[in-house]
Each structure stands twice: as C-alpha cells, then as structure tokens.
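One structure is given here, and the rest of the page talks about it.
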Amino acid sequence: MGTKAENPDFASSSLPRHLARGVVGFGGLIGSVALIPVVGPVSLLLLPAGAMALRGCPMCWTIGLVQTVSRGRLRRSCREGRCALTAVGHEKHAGEPATTRKQEAAAK
C-alpha cells in the first residue's frame with residue numbers, strides 16, 4: 001500500500017513548468033547568497049522562496065525532473081513477486097530477461 005510519505009512525487013505537470021520551477025528555485029538560492037554584499041542579510045529572504053520552488057532541495061528538484069521526463073513513458077508492473085520497469089508499448093516483455101528478448105529477435 002503506497003502512501004504519499006512512502007512514494008514521494010516531485011514531478012510537475014509538464015517539463016516547461018518543471019524547468020521554470022528550477023530557474024526560480026536556483027535563482028532564489030543563488031540570489032540569496034550573491035546579493036548579501038549589495039542588500040545585506042535581507043537577501044536571505046530569497047532562500048525559503050528558492051527552496052519552496054525546488055520542493056525542498058536541489059536533489060528533490062532533480063528527482064522531480066527525472067519523474068517528469070519519464071512520466072507516461074515507463075510503467076512499473078509486478079508479477080509473481082518480481083517487479084519490472086517497461087517502456088510503454090513494450091508491455092509484452094514485462095519481467096522477461098533481456099537475453100530472452102535478444103534470443104527471440106535472433107530467431108526471427
């Protein structure tokens with residue numbers, strides 16, 4: 001049974017939206033430090049805004065990028081205690097070792 005805490009989802013609804021979140025997030029993080037000499041500690045107010053845009057940290061944003069790109073292209077299926085990731089359109093080979101597929105292709 002998957003819950004939100006067990007399977008966090010950092011993906012955005014589209015790739016351009018996720019990249020925009022990255023620009024705002026990284027801009028906020030970099031700006032909060034780079035603007036200290038100019039405006040003083042007030043620039044640190046950009047830090048939480050940047051972290052919120054990245055949904056936590058740069059690694060969270062990166063995980064979300066991978067999830068956003070792979071959404072709709074990969075499907076997880078579990079049968080007989082084995083789970084496998086398959087590309088959409090190649091479901092007939094789910095859970096099958098790659099060597100078996102190569103042998104089938106060579107036999108044709």
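Please list 3J(HN,Hα) in residue order for the range 33-48, calculated via the Karplus relation 6.51 cos²θ - 1.76 cosθ + 1.60 where θ = phi - 60°; whole Hz, with x for glycine and proline.
Per-residue couplings from phi come out as 8, 5, 8, 4, x, 8, 10, x, x, 4, 5, 5, 5, 6, 4, x Hz.
Relative contact order of the range 22-94: what whole-number percent is it, with Cα pairs under 8 angstrom and at least 6 residues apart?
21 percent
Can you run phi through the Karplus equation (6.51, -1.76, 1.60; θ = phi - 60°) for the range 21-31 and list ³J(HN,Hα) in whole Hz, with x for Gly and Pro?
Along the range 21-31, the couplings run 4, x, 4, 5, x, 5, x, x, 5, 5, x Hz.
Values quoted throughout were computed directly from the atomic coordinates according to the rules given, and no laboratory measurement underlies them. Small disclaimer: the values here were computed from a predicted structure and weren't measured.
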